[in-house]
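This report concerns only the one structure given below.
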Amino acid sequence: MERRLEDNSQLCINASVSDSFEQDTSSCSYICCHPKGSGHRFIALFFMCWLGFGSYFCFDTPSSLINTFKEDLHLTNTEFSLLYSLYSWPTVVLCVVGGILVDSVFGIRLGANIYMLITLVGQVCFASGALFNVFWLMVLGRFIFGMGAEPLAVAQNNYAVLWFKGKELNMVFGVQLSFARLGSAANFWVMEPVYDWMKEYYTGYKCLGIVLFIATTTCLLSMICSIILGCIDKRAERILRRNENTPKEVIRFKNVKEFSLHFWLISIICVSYYIAIFVFISFGKEFFMKRFGLSSDAANKVNSMIYLISSVGSPVLGFAVDKIGKNLFWIILSIIATICGHYVLAFATWNPYIGMVVMGVAYSLLASSLWPLVSLIIPEHQLGTAYGICQSIQNLGLALGAIFAGKIVDDYGHIWLEVFFICSLFISLVASIIMLFFDTAANGPLNMTPAQRDRHQKSVLAAQALEREKLISAGVASSTSSSQDLLNSNSDFHIRNRYLSRIGAPLPANYDITMKGLAYRALR
């Protein structure tokens, strides 16, 4: 009884706090302190962006100091490649597993903290291996780093959807992409000067180890931001009462087969398009030196244009997509523009900056338009799994694409490599056109304007409300629920699934139509 009174009093306190905020939605306290206030949401976004900054910064340290790694640690090319391959291959599976754990076991807050801690530990091991010249410890560190960094990106995407779904989601994904690319670019800008500075005090592998520990401070900063963001989200959950009267829906991996065709088309677009961007960048320096006769420094500057443009253009273009909508149209336009960019680089004699600028703008627009579509077609309780599958497919495609691209360069040269990239882009173009056709035929929301999506959502809710009234008027009730159960808020989940069953839509495999919810509950 005392426990119940304490819970009731806590609910009253939370309600009074929420009501006090909602008295004046235009007040500064509401905008900055209430979870529904735009200012408070963008405070959360600030920490979301810094959450992934450290992992992106530290990921590229071997590339920015490639000559230093080989000289100070006496590494062969094969040994150096292990620092990347042992990061990439495990993530093919770990992204999916990490997404499922976020959905069904950890939750977003705990999952983000755990994955960020794993990332930090991996970077510490990597830096320690360099400091003591222990190569196996460096390889182990990169393996652990990959175990945390890729699932961390899944948790970061879930945070964005949780706070911004239905609002500025396209812009938010653009801002997160901007910070990610800023972290990668910052690594190339500062690591070499930092190494030159530390050479005045240390030499050899000890100098490299100290420099890597300095880079590790970015992961420590991200760890602090993850904890702060978790506290902000926990407070928002309490004030908004997110989990009250909301059934916990269980996640089972076999339910992945119920994902719609649109999701798999998005995955195809993701992997085939990103091959033409990231694999190209990995071979870009050599391509520009041979194709256009540029110096090493000039080739690096041209090759970095995609990162630089996306760090600025992604939030701007994401904001535009939020206001205009029509995501599939922008995706198709981005793919066509990227094809044109590769064509210019391969077959025209124009300045290479033209092709790279076109590709940078197109990449920013596609990333801001593509990733938010997942939240429109996948239930919220499965978003971690969905984003994990997307990233796993992407990592697998990039790993295989890099191997295939290297074989093409060795046997046929860089021009045929460009042909390979253009063919990959045509695959993504065909997939996007197919998705547009099916979405338009089904009057789906993927290519609607924001106003059209609002009307579409209202019509769906109206149809569900009508079905609810029909069920209540017909006296539909299970043996385990009363008439009152159908009238309370807990019945929304049950009514929704009964409505879906009426129209022939697929239901979760573990849903029992005679029960109010699922047969099992998620471990949260």
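Worth pointing out:
- Only a single criterion out of (1) surrounded by 22 or more Cβ atoms within 10 Å (Cβ to Cβ); (2) under 16 Å from Ser428 (Cα atoms); (3) aliphatic (A, V, I, L, M); (4) under 16 Å from the mean Cα position of the chain (by Cα) is not satisfied by Ile389, namely (2).
- Phe173 in the same structural domain as Leu83 (by the TED database), open to solvent by 20 Å² or more (accessible area, probe 1.4 Å), assigned to a helix (DSSP H, G or I) and in contact (Cβ under 8 Å) with a residue 12 or more places away in the chain: no
- Only one entry in Phe287, Phe347, Phe292 is of a type in the set (Phe, Trp, Tyr) and touching a His at 6+ places or on another chain (Cβ under 9 Å), namely Phe287.
- Annotation for region 332-348: no member residue is modelled with pLDDT under 80, assigned to a helix (DSSP H, G or I) and in contact with a helix residue (DSSP H, G or I) (Cβ under 6 Å, 6 or more places away or on another chain).
- Qualifying residue in region 82-89 (condition: under 23 Å from Ala386 (Cβ atoms), modelled with pLDDT under 80 and open to solvent by 30 Å² or more (accessible area, probe 1.4 Å)): yes
- Residue in region 210-239 that is most open to solvent (accessible area, probe 1.4 Å), counting only those that are over 25 Å from Arg41 (Cβ atoms) and among the β-branched types (Val, Ile, Thr): Thr217
- Restricting attention to region 331-371, the residues being under 17 Å from Val316 (Cα atoms) and hydroxyl-bearing (Ser, Thr, Tyr) number 5.
- Qualifying position, being surrounded by 19 or more Cβ atoms within 10 Å (Cβ to Cβ), out of contact with any Ser or Thr (no Cβ under 9 Å at 6 or more places or on another chain) and of a type in the set (Ser, Thr, Tyr), among Ser428, Ser375: Ser375
- Scanning region 38-63 for residues that are within 15 Å of Tyr87 (Cβ to Cβ) and in contact with a Phe, Trp or Tyr (Cβ under 9 Å, 6 or more places away or on another chain) returns Ser55, Tyr56, Cys58, Phe59, Asp60, Thr61, Pro62, Ser63.
- Test result for Lys254, open to solvent by 40 Å² or more (accessible area, probe 1.4 Å), at pLDDT below 75 and in a helix (DSSP H, G or I): yes
- Selection of first residues in region 336-353 that are free of Cβ contacts under 8 Å to residues at least 40 places away in the same chain and of second residues that are open to solvent by 10 Å² or more (accessible area, probe 1.4 Å) and not in a helix (DSSP H, G or I), restricted to Cβ pairs under 6 Å at least 6 apart or on distinct chains, gives the following pairs, ordered by first then second residue: Val344/Trp350.
- Within region 161-186, being in contact with a Phe, Trp or Tyr (Cβ under 6 Å, 6 or more places away or on another chain) and either within 14 Å of Ser368 (Cβ to Cβ) or at pLDDT 80 or above (or both) holds for Met171, Val172, Phe173, Phe179, Ala180, Arg181, Gly183.
- Within region 416-435, the set of residues being touching a residue at least 40 places away in the same chain (Cβ under 8 Å) and among the β-branched types (Val, Ile, Thr) comprises Val419, Ile422, Ile427, Ile433, Ile434.
- For Leu400, the stated conditions hold: it is open to solvent by 10 Å² or more (accessible area, probe 1.4 Å), at negative phi and in a helix (DSSP H, G or I).
- Residue that is in a helix (DSSP H, G or I) and under 21 Å from the mean Cα position of the chain (by Cα), where the choices are Leu137, Leu162, Leu208: Leu162
- Residues of region 431-460 satisfying the condition of being among the polar types (S, T, N, Q) and open to solvent by less than 50 Å² (accessible area, probe 1.4 Å): Ser432, Asn447, Thr449
The values are calculated or read from the model by the stated rules, or taken from the named source; none is laboratory data. For clarity, every value in this text was computed on a predicted model and none was experimentally measured. Ideal geometry is used to build each Cβ from the backbone, glycine not excepted, and the neighbour counts take in all protein chains shown. Only protein heavy atoms, including side chains, enter the accessible area calculation; ligands, DNA and RNA are left aside. Shrake-Rupley method; radii C 1.70, N 1.55, O 1.52, S 1.80 Å.
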